[in-house]
Amino acid sequence: SVPFPDFDGVCYRKWSNENKNLGFILSDRSCPFRCTFCFNPTGNIYRQRSLDNIFEEIDFQVKNYGIRYFSFVAELFATKEQRVRDFCERMKNYDLTWSCCLRVSDANEELVNLMKSSGCIIFATGFESADDSILKSMRKGTTAAQIENAVKVTSNCGMQMAGAFIFGDKNETTETVKNTIDFWWKCDGKVKIDLVLLIPFPGTYSYNYACEKGLIKDKKQYLLDGCQAINISKLTDQEYFEMFSLIMELNLRSRQPA
């Protein structure tokens, strides 16, 4: 029942033309998973638009704004493989390219090849850590083996993949940091993985944990300061600083050819 956005109100045509006919579609809202670092900006209830409604908007944007590449900006494009398959079968009828966000546990060879054949050129995913104890602590519901398999599958299929490792979970140690960094080096050239620090945003488990432990003493001031990364991990402050320095340095290294 919600109408399409007022594209003209935000100069969509001009912006899209300046960005090689790129367009955005919000296909889903929120996420059914509850990772400790995520605050779900579109609400706590996961809901999906029907494919009919999505393709109606695709037709509208193509006709009125000449969009040739669609980025589906939902936190999670789908929770069931069949929805992705149904979307791909319909998308094959369009001469368009697109991208979306899926979990690493969904990356199997058959599905990735189907996505590629329907015009998908890249999908984003949340790696978060390559250490199973941290993934469990984050309530991620995935494993390091699934991450490794997803990287292997997408690489073999010639699909681009992008993700990030988040450092600083409450159970992070020098050992778990090393495990993730070692995995990151193994992926050299195969997939783009950014390295970032965990920020305890209000509304997350990590934020509540930081407040409970007295690491955030003034909630208002924390907001005014822009929600900075703080050490809620098992690392000493010196170890945390060294981790921060390392990931900043590694992020500056060129991972893939221009």
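Listed values, structure above:
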item	result
Positive minus negative residues near LEU51 (Lys, Arg vs Asp, Glu; Cβ under 9 Å)	+1
Lys/Arg +1, Asp/Glu -1 at C-beta; segment 183-252 dipole; positive extreme among GLN228, PRO202, MET243	PRO202
Separation of alpha-carbon centers, segment 84-104 and segment 116-132, rounded to whole Å	14 Å
Listed residue pairs exceeding 28 Å between alpha carbons, taken from LYS192/LYS217; LYS80/LYS190; LYS178/LYS217; LYS140/LYS219; LYS14/LYS140	LYS192/LYS217; LYS178/LYS217; LYS14/LYS140
Environment charge of ARG103, counting only residues whose C-beta is closer than 12 Å and scoring Lys/Arg +1, Asp/Glu -1	-2
For peptides 124-130, 144-150, 50-56, 164-170, sequence by mean Cβ density within 10 Å, most packed first	124-130, 164-170, 144-150, 50-56
Of all accessible heavy-atom area on segment 174-258, the percent that carbon and sulfur account for (1.4 Å)	54 percent
Computed accessible area, TYR94, all protein chains, 1.4 angstrom probe, square angstrom	60 Å²
Calculated Rg and Dmax of the chain using C-alpha coordinates, Å	19.7, 57
Per residue accessible area of the chain, 1.4 Å probe, in Å²	53 Å²
Given charges at beta-carbon only (K, R positive; D, E negative), |dipole| of the chain in Debye	280 debye
The chain: calculated mean residue ellipticity at 222 nm from DSSP helix runs of at least 4, using -39500 (n - 2.57)	-12000 deg cm²/dmol
15 Å beta-carbon shell around LEU235, net charge (K/R +1, D/E -1)	-3
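The values are calculated or read from the model by the stated rules, or taken from the named source; none is laboratory data. On a predicted model such as this, the values are computed, not experimentally measured, just so you know. Every residue, glycine as well, gets a Cβ built from its backbone with ideal geometry; the counts of neighbours run over all protein chains shown. The protein model used for the area step is the full one, side chains on, heavy atoms only, and it has no ligands, DNA or RNA in it. Shrake-Rupley method; radii C 1.70, N 1.55, O 1.52, S 1.80 Å.
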